[in-house]
Amino acid sequence: MSKFKIGVKRRHQIGRILGFIVALVLSLVLLIPFGWMILCSLQPDSFSIFLPEPTFPDRLHFENYLTAIREIEMVKLFINTMILVIANMVFSIVSSVLVAYGFARFKVRGSNVIFFILLSTMMLPWVVILVPQYIIFNELGWVGTRLPLILPSLGGNAFFIFLLRQYIMGIPKSLDEAAEIDGCSKLGILFKIILPQCKPILATLVVFSFVGTWSDYVGPRIYLAGSPELQTLSIGLQYFQSTNSVMPWHLVMAASVLFAIPMIIVLYSAQGAFTRGIVTTGVKE
């Protein structure tokens with residue numbers, strides 16, 4: 001029996017080592033484009049990028065990053081982008097928490113039907129509602145402002161509501177009942193009992209919301225086309241490419257690296273809670 005246990009343990013260790021090797025190889029493969037982008041951003045000019053073989057420059061040109069920041073006006077674009085990111089993050093997550101709490105804890109007639117209708121909106125491609133949405137915002141006089149990019153998040157996000165509802169349903173209702181006996185209100189239960197246990201899924205939603213708004217190109221391109229002072233980083237990078245007759249690829253790559261850094265920082269900071277939120281969503285106790 002002991003030899004059998006040792007054999008099983010050894011096979012388990014070998015399996016973990018092989019899994020780690022496979023994951024490491026895949027990670028290195030996925031990092032190749034990002035590494036190439038960094039290497040190109042440190043080249044002295046665009047012509048060095050298109051050499052038959054990748055070469056390291058004699059000197060790393062870190063000044064390309066400062067040049068890109070200055071020529072693309074990345075500080076202004078960064079502020080504009082962060083305004084949208086923070087507003088969407090706060091409004092969408094707060095609204096989604098309230099709606100999901102209602103679906104998870106308050107059972108009324110027809111609530112499942114309403115939840116099904118809510119989930120069915122996720123099946124609609126965004127291009128289907130793009131034209132009618134633009135017409136509505138244009139009639140309201142909001143085109144050219146940030147309102148069309150912020151106010152829709154006040155209603156919450158169907159995907160966020162789904163994740164939160166499934167997570168909240170996995171929290172024992174006995175905790176709610178105990179808090180209610182102690183005189184806690186329904187909102188008090190949400191903020192004192194439910195939300196402290198929802199940190200993993202909230203971190204997941206923060207990552208989704210940040211990356212989605214930060215990298216959004218279509219929304220700002222449509223609604224902020226007539227307001228260059230409100231443009232975001234994704235639009236600024238595209239304008240920088242289109243306004244140069246000879247593409248300064250080394251500067252474009254430097255700007256792209258700077259554009260990717262905030263997303264990497266957010267995902268790395270929340271990776272533990274992000275993983276737990278994805279794994280435990282939908283698991284009931």
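No value in this document is a laboratory result; all are computed from the given coordinates. Values in this document were obtained by computation on a predicted structure and should not be read as measured data. All Cβ positions, glycine included, derive from the backbone under ideal geometry; neighbour counts span all protein chains shown.
Conditions tested, residue by residue: (1) without any contact (Cβ under 8 Å) to a residue 40 or more places away in the chain; (2) more than 22 Å from Met247 (Cα to Cα).
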| residue | (1), (2) |
| --- | --- |
| Ile72 | no, no |
| Met82 | yes, yes |
| Met89 | no, yes |
| Ala100 | no, yes |
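Kindly indicate whether any position in segment 155-163 is more than 21 Å from Gly212 (Cα to Cα) and surrounded by 12 or more Cβ atoms within 10 Å (Cβ to Cβ).
No, segment 155-163 has no match at all.
How many of the residues making up segment 150-202 are assigned to a helix (DSSP H, G or I), touching a Lys or Arg at 6+ places or on another chain (Cβ under 8 Å), of a type in the set (Gly, Ala, Ser) and in contact (Cβ under 8 Å) with a residue 24 or more places away in the chain?
Adding up the residues that qualify gives 0.
Do the conditions hold for Leu205, that is, is it under 13 Å from Ser95 (Cα atoms) and surrounded by 14 or more Cβ atoms within 10 Å (Cβ to Cβ)?
Details: under 13 Å from Ser95 (Cα atoms): yes; surrounded by 14 or more Cβ atoms within 10 Å (Cβ to Cβ): yes.
When the stated conditions are applied, Leu205 passes them.
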